[in-house]
Amino acid sequence: MNKRVKFIYLLAFAILGFASCNSPKNKSKKSVIDQKVDSLLSVMTLEEKIGQMNLYNGFWDATGPKPKNGNAAKKYQDLKNGLVGAMLNVRGVKNVKAVQKIAVEETRLGIPLIIGFDVIHGHKTLAPIPLAEAASWDLEAIKTAARNAAVEASAEGINWTFAPMVDISRDARWGRVMEGAGEDTYLASLIAKARVEGFQGEDLSAHNTIAACAKHFAAYGFAEAGRDYNTTEVNPSTLRNTILPPFKAAKDAGVKTFMNAFNDADGIPATGSQHLQRTILKEEWGFNGFVVSDWGSIKEMIAHGYAKDNKHAAEIAAKAGSDMDMESYAYVKHLAGLVKDGKVKEAYINQAAARILKVKFELGLFDDPYKYCDEAREKEVLGSKELHAGVLDMAKKSMVLLKNSTNLLPLKKQGLNIAVIGDLADDKTSPLGSWRLAAEDNTAISVLEGLKAYPNNNITFASGPKLYTGTPTFVKETQINTTDKSGFNEAVRTARNKDVVIMVLGEHGFQSGEGRSRVDLGLPSFQQQLLEAVYEVNKNIVLVLMNGRPLTINWADANIPSILEAWQLGTQSGNAIAQVLYGDYNPSGKLPMTFPKHVGQVPIYYNHKSTGRPKTSDHDANTVFWSHYGDISNDPLYEFGYGLSYTTFTYDNLKLSAKSCNKKGNIKVTFTLKNSGNYRGKEVVQLYIQDLYASIIRPVKELKGFKIVDLKAGESKKVSFTIDAKTLEFYSANNKWEAEVGEFKVFVGGSSKTNIEDSFELTD
Ligand code: BGC
């Protein structure tokens, strides 16, 4: 901070600080940071306060330090005039320092910028995509992954991430399922907490922790027909019981910011929703950080048909409690006028600016605005060995073994002739996924490279037809190859007479992610055809799937002996996959999202409600009048929570400590888990309940607990969970969280299809 600025600021603080010391009321209520915020606000002009509410995308790289023309020049000028509160997509110590220097040394008050970036799963050194991490069910590992991401990103000057995305989604057509934690509210809530704690660490003012952002508030994951940005229809019960809890968990974990959403929910754009942002988030939940709009979502209210023009959009968003404008240019242009015209209360501006300044103080930016700008640290931390070890560990934990019917896996480490087939097998970019802004193309370890680290088998590689055309950067669906079959026959020839064929198939890294909705969930391009042709000549196939969403792989499930779900595992992808294929790591992941049999079943999720006509044993083969499809069963291909291991587990001896309890009591659920196979392994044991009747229909099953249990071959362990009234709460017809008396079923097992069960009653 320059001397002049410090003087103005300190003076204001001294006056206000003195005043508040003399007022017992203020003294007891306001934290030191709040007092500092008040002091600062007292010397700010209306325009400067609105400037804090303005978030600009970086213009630095493209246009150099002093852009002369167009939008970039305007942004640069705004920055100099103190009309920018935060920037995104500026990274690298040199660049961050340069923009920060303008804010701190050239503006009247020298208020530092927050520097945001989409640090979604790692930064330059990438961890698995978030959906894959969720498949680990390992909250400690997920927290560590977020911690490591914060360490790396902060070393590049970043102090705010637009993560975690905590949107629940039940629709694999939606490309952004890769960015969330899957379909289940309970699991996703715990993961939201883990990620927030990982990013923000124990001390937000440390130089290696960053502010997190729970997004997209709310209902974005419920886009109709899975088409990104589409409208959503959510009833209040689904909103409260299914969509909001992960956001609440993030809030309770101390998340500093929320991002609103592109979608409308029930006719009101989330960005303009007072109900969501002011009533629920700020009033009901007491959230005291700030809400940022999504990219351009304020001005998009015009296209929605909710705002007349950008000025009107600014008015709506500010009133609704959207504190910061990302790239709509709505606040910086129109808010001052709206206040002067009496359309927006000045108090709203003060509150929004205060929320933003508070986070800046909490980050420690006023103590040292350059604290994230240490070139030596940047050099030492980016791409460090420790970070690579971290993403490798997370990648191994994220894989899900879907099938291993002939125990083809794990592979022997010597003497095998192996064919490796598939364009994705030597793809060093797709494993990075679509959120890889700070990672360069071609920086992932490919499956082929990973396998070659085991030198005593003989590997022959044939790519088969190319999956896409063009460079790997920003591949669009239209670039997926559907015409050029070259390489097909050679791949089939290569597979013939080999001991094992490893086929790496799935989606290109850019086929899932934002704006990447698909209606076909099968294997794209010629991959399905290739799989079937190779199967004709060699049945010993291990199918390694690389994808960002559930796929419909019925044929593979029916025919291929071994299937490993490897998602997009990040920088260390190939090493992690090879270690699992060779049994140096026994997979223990479980699906966080249902795999449908057919896209027509979507949305499909395990915790659906019961209809009045569910399947019962009374239905004989000729009955059609129950809730089902005529041409396919209601069952998914792989259910939520499903995943195998190289060993097997048995569940036995389920006992409840009582058959009933009142709302103050609890019931202990115990059972015996046995490793009944030949390898040491970890099992994610899962506890589900069903509330048999309630004021609002409850799901047929709901996850209420899980534990990762590590057992040696032959070993058994007693596992227990405790159920109390809190476990049984839901947002009831009384519009509040409560447990209702009645009967409950309890299920335990290794997936949501578990069938060992008991029951109990909850009384008042
Ligand atoms: C996405 C957000 C993201 C933002 C900034 C938007 O398109 O929806 O999730 O954080 O861009 O990159």
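The values are calculated or read from the model by the stated rules, or taken from the named source; none is laboratory data. Just so you know, these numbers come straight off a predicted model, no measurement behind them. With ideal geometry, Cβ positions are generated from the backbone for all residues, glycine too; neighbour counts draw on all protein chains shown. What goes into the accessible areas is simple: the full protein's heavy atoms, side chains included, and nothing from ligands, DNA or RNA. Shrake-Rupley method; radii C 1.70, N 1.55, O 1.52, S 1.80 Å.
Some notes on this structure:
- Accessible area of the chain belonging to carbon and sulfur atoms, whole % at 1.4 Å probe: 50
- A helix-only calculation puts the chain at -8500 deg cm²/dmol for mean residue ellipticity at 222 nm, using -39500 (n - 2.57) for each DSSP H run of at least four residues, averaged over all residues.
- Computed packing ranks the peptides 527-533, 592-598, 152-158 as 152-158, 592-598, 527-533, most packed first, by mean other Cβ atoms within 10 Å.
- Ordering 670-682, 711-723 by mean Cβ neighbour count within 10 Å, with the highest value first, yields 670-682, 711-723.
- Antiparallel bridges, percent of DSSP beta bridges restricted to the chain (to nearest 5): 55
- Taking the average, over residues, of other Cβ atoms within 10 Å as the packing measure, peptides 273-279, 573-579 rank 573-579, 273-279 from highest down.
- Sequence of Ile418, Ile316, Ile708 when ordered by accessible area, the most exposed leading, probe 1.4 angstrom: Ile708, Ile316, Ile418
- Taking amide H atoms as placed 1.01 Å from N in the peptide plane, the amide H of Phe217 lies under 5 Å from those of Met259, Asn260, Ala261, each 5 or more residues away in sequence or on another chain.
- Summing Cβ point charges (Lys, Arg +1; Asp, Glu -1) relative to the Cα centre of region 398-601 gives a dipole of roughly 340 debye.
- Reported to the nearest whole Å, the Cα centre-to-centre distance from region 352-400 to region 654-733 is 36.
- Cα long-axis angle, helix 32-42 against the chain (0 to 90 degrees, to the nearest 10): 50
- When only the Cβ of Lys, Arg, Asp and Glu is charged (+1, +1, -1, -1), the dipole of region 130-169 relative to its Cα centre reaches about 80 debye.
- Distance from the Cα centroid of region 478-540 to that of region 280-341 is 46 Å (rounded to whole angstrom).
- Phi to ³J(HN,Hα) by Karplus 6.51 cos²θ - 1.76 cosθ + 1.60 over region 596-612, Hz, x for Gly, Pro: x, 7, 8, 4, x, 7, 6, x, 10, 7, 5, 9, 6, 7, 8, 7, x
- Heavy-atom SASA rank of Arg227, Arg496, Arg170, Arg108 (probe 1.4 Å, accessible area, largest first): Arg227, Arg496, Arg108, Arg170
- 3J(HN,Hα) from dihedral phi, region 689-705, Karplus parametrisation 6.51/-1.76/1.60, rounded to Hz, x for glycine, proline: 10, 9, 8, 5, 8, 7, 5, 10, 4, 9, x, 5, 7, 9, 5, 10, x
- Residue (of Gly665, Leu402, Asn81) at the positive-pole extreme of the chain, dipole from beta-carbon charges: Asn81
- Three-way shape call for region 68-203 based on the alpha-carbon gyration tensor, with the a/c threshold at 1.5: prolate
- Solvent-accessible area of Ser405 with every protein chain in place, 1.4 Å probe, in Å² to the nearest 10: 80
- Positive-end ranking of Ser720, Leu335, Thr242 along the dipole of the chain, with charges on Cβ about the Cα centre, is headed by Leu335.
- Here the scattering of the chain is modelled by Debye summation over its C-alpha atoms, one equal scatterer each and no solvent; at q = 0.05, 0.07, 0.08, 0.12 Å⁻¹ the log10 of I(q)/I(0) is -0.27, -0.53, -0.69, -1.39.
- Here region 208-254 and region 74-119 have alpha carbon centers that stand 29 Å from each other.
- Acute angle (nearest 10 degrees) that the helix 70-80 long axis makes with the longest principal axis of the chain, alpha-carbon atoms: 60
- Less than 5 angstrom separates the built amide H of Phe461 from those of Val420, all sequence-distant by 5 or more or on a different chain.
- Amide H contacts of Lys403 (H built 1.01 Å from N, under 5 Å, at least 5 apart or other chain): Ile563
- Low-density loop cleavage sites - GluC sites (Glu not before Pro) in region 181-267, where at most 10 other Cβ are within 10 Å (DSSP): Glu202
- The orientation-averaged projected area of the convex hull spanned by the Cα atoms of region 398-601 comes to 10.6 nm².
- Dipole check for the chain: with +1 at the C-beta of Lys and Arg, -1 at the C-beta of Asp and Glu, and the Cα centre as origin, the magnitude is about 1560 Debye.
- Region 180-301 - share of DSSP beta bridges that are antiparallel (%, nearest 5): 20
- Listed residues Ile689, Asn675, Ile756: farthest to the positive end of the dipole of region 649-763 (Cβ charges): Asn675
- Each DSSP beta bridge with both residues in region 398-601 is either parallel or antiparallel, and the antiparallel ones are about 20%.
- Karplus-derived 3J(HN,Hα), 6.51/-1.76/1.60, for each residue of region 490-503, Hz, glycine and proline x: 5, 5, 5, 4, 4, 6, 4, 6, 8, 5, 9, 10, 9, 9
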